[in-house]
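Have a look at the structure below, then the notes.
A short reminder: the numbers here are calculations on the coordinates, not readings from a lab. Keep in mind the model is a prediction, meaning the values are calculated, not measured. Note that we place each Cβ from the backbone using ideal geometry, even for glycine, and neighbour counts take in every protein chain shown.
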Amino acid sequence: MATSGQSLRSSSAATSGGNFDSLNRILSDLCIRGHPKEGAPSALKKHIEEAARDLNGETFSRFMDQLYDRISTLLESNDVAENLGALRAIDELIDVALGENASKVSKFSNYIRNVFELKRDPEILVLASRVLGHLARAGGAMTADEVERQVKIALEWLRGERIEYRRFAAVLILKEMAENASTVFNVHVPEFVDAIWVALRDPQLAVRERAVEALRACLRVIEKRETRWRVQWSVIENIVGRLFNVLLISLCLIE
């Protein structure tokens with residue numbers, strides 16, 4: 001006859017397994033190109049929150065470990081749809097309160113960093129940049145180091161040898177960091193002004209268009225910070241003047 005402890009463990013395992021089976025079905029709905037099935041992203045968030053209520057601490061931790069392993073596997077796949085599904089899952093999990101925010105932010109930062117290092121599909125890179133922006137916005141001070149790292153990497157990719165997918169990723173990253181982590185990005189405005197010129201003259205229209213978006217985001221950062229820099233107007237005028245010159249030339253190139 002099973003003891004009460006054994007029965008409880010068996011019940012927890014069964015519950016965890018059932019939750020993960022349901023989770024796999026939800027993840028499958030996210031793993032498509034284009035727009036996922038309506039309600040699929042919110043269904044994931046709801047499912048995780050229900051699992052947090054229904055499972056005890058140890059069982060829920062195992063459940064989340066399985067989920068993170070599944071997300072990692074989807075990101076490592078050569079299937080673009082699976083990569084997109086994993087990124088959509090991360091995007092939903094960012095706002096789920098799991099009581100482990102620091103470790104969650106670190107884990108997601110590593111996932112996204114690997115995506116930018118390894119993936120080349122534009123659809124993946126665009127979504128990854130948006131998820132990174134969401135993470136930076138939601139994580140606040142916890143993401144400051146990651147924002148700093150991503151901005152530096154993006155600037156290096158612009159200044160280095162022309163590798164098309166990295167140049168595209170760089171302007172995506174810089175736009176999101178300017179919009180969602182302006183305090184950290186602000187320090188790098190002069191470097192950005194020097195580096196963005198390369199992207200604005202890139203042979204690929206997609207890179208030039210995204211570079212203009214990044215430039216626009218940078219101008220908004222300058223506008224927000226101008227009162228703090230009031231004693232440095234000559235610096236601001238120089239930066240803004242260069243930015244507008246670059247923008248005008250870029251628009252001519254796009255046309």
Practice prompt. Step through the residues of the stretch 124-134 one at a time and calculate ³J(HN,Hα) from phi using the Karplus curve (6.51 cos²θ - 1.76 cosθ + 1.60, θ = phi - 60°), rounding each to whole Hz and writing x for Gly and Pro.
Written response: 5, 5, 4, 5, 4, 5, 5, 5, 4, x, 4
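Which of V131, V171, V105 has the fewest other C-beta atoms within 10 Å, and how do the rest follow up to the most?
Values: V131 23, V171 29, V105 20.
With the sparsest Cβ surroundings first, the list reads V105, V131, V171.
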Worksheet item: Near K107, which lysines are there with a Cα under 30 Å away, not counting those fewer than 8 places off in the same chain?
Response: K37, K45, K46, K119, K152, K175
Practice prompt. Apply the Karplus parameterisation 6.51 cos²θ - 1.76 cosθ + 1.60, with θ equal to phi minus 60°, to every residue of the stretch 44-58 and state each ³J(HN,Hα) to the nearest whole Hz, in sequence, with x for glycine and proline.
Written response: 5, 4, 4, 5, 5, 5, 5, 5, 4, 7, 7, 9, 6, x, 5
Item to complete: Mind checking the full-extension length gain between N24 and N56? Use 0.36 nm per residue of separation minus the Cα-Cα distance, one decimal, nm.
Response: 9.5 nm
Worksheet item: Taking the simple approach of a point 7 Å from Cα along Cα-to-Cβ for both S42 and D65, what is their distance in nm?
Response: 3.4 nm
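Using Cβ counts within 10 Å as a stand-in for footprinting exposure, how do R166, R33 rank, fewest first?
Lowest count first: R33, R166.
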Worksheet item: Debye sum, Cα scatterers, the stretch 108-155, no solvent: what log₁₀ I/I(0) at q = 0.25, 0.26, 0.30 1/Å?
Response: -0.96, -1.02, -1.26
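Determine the sum of side-chain charges near R53: Lys and Arg each +1, Asp and Glu each -1, restricted to other residues whose C-beta is under 14 angstrom from that of R53. Before the final figure, lay out each step's value.
Values: positive: K45, K46; negative: E49, E50, D54.
Taking every other residue near R53 into account, the sum is -1.
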Discussion item. Using the basic label-point model (7 angstrom from Cα toward the beta carbon), what is the Q204 to R220 distance in nanometres?
Written reply: 2.4 nm
Discussion item. Among M64, I48, S77, which residue has its Cα furthest toward the positive end of the charge dipole of the stretch 25-83, with +1 on Lys/Arg Cβ and -1 on Asp/Glu Cβ?
Written reply: I48
Worksheet entry | Residue exposure sequence - I173, I163 - by fewest surrounding Cβ within 10 Å | I163, I173
Response to the item:
Here the stretch 73-86 yields Karplus 3J(HN,Hα) values (6.51, -1.76, 1.60; θ = phi - 60°; whole Hz; Gly and Pro given as x) of 5, 5, 5, 7, 5, 8, 8, 4, 4, 5, 4, 5, x, 5
